[in-house]
Amino acid sequence: MLQELKAYPLLQGARGEKRADINALVDVICRVAFMMTAEAGIGQIDLNPVIVHPQGQGVSIVDARVFFEK
């Protein structure tokens, strides 16, 4: 899935940057997907921005909002 993103080469370490912590990003995506399926009342989760640090350093989520369906 991530390999299909236009930005994927940046995660791989393009332009002289360090390779991003792709495993941590995948973990966040899986956890959010689990939350969406485990809690039927969640309509939307907004994570902005998601900062992917260099490999081994994880991911930071600066702001998160959860919207519940009425």
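Derivation of every value follows stated rules applied to the coordinates shown; laboratory data play no part. A quick note: this is a predicted structure, and the numbers were derived from the prediction, not measured. Positions of Cβ are backbone-derived with ideal geometry, glycine not excepted, and every protein chain shown enters the neighbour counts.
A few points about this structure:
- Counting charges near residue 44 (Lys, Arg +1; Asp, Glu -1) among other residues having Cβ under 10 Å from its Cβ returns a value of -1.
- Cβ crowding within 10 Å ranks 15, 65 as 15, 65, fewest other Cβ atoms first.
- Rel. contact order, % - alpha carbon contacts under 8 angstrom, at least six apart, the chain: 28 percent
- Couplings 3J(HN,Hα) for region 22-36, derived from phi with the Karplus relation 6.51 cos²θ - 1.76 cosθ + 1.60 (θ = phi - 60°), are 4, 4, 5, 5, 4, 4, 4, 4, 5, 5, 5, 4, 4, 4, 5 Hz, where x marks Gly and Pro.
- A dipole drawn for the chain from +1 and -1 charges on Cβ atoms has a positive end, and of 34, 22, 9 the residue lying farthest that way is 9.
- Here residue 23 and residue 65 are evaluated by their C-beta separation; at R0 = 30 Å the FRET efficiency comes out at 0.75.
- Value of Rg to Rh for the chain, rounded to two decimals, is 1.05; Kirkwood radius and Rg both from alpha-carbon coordinates.
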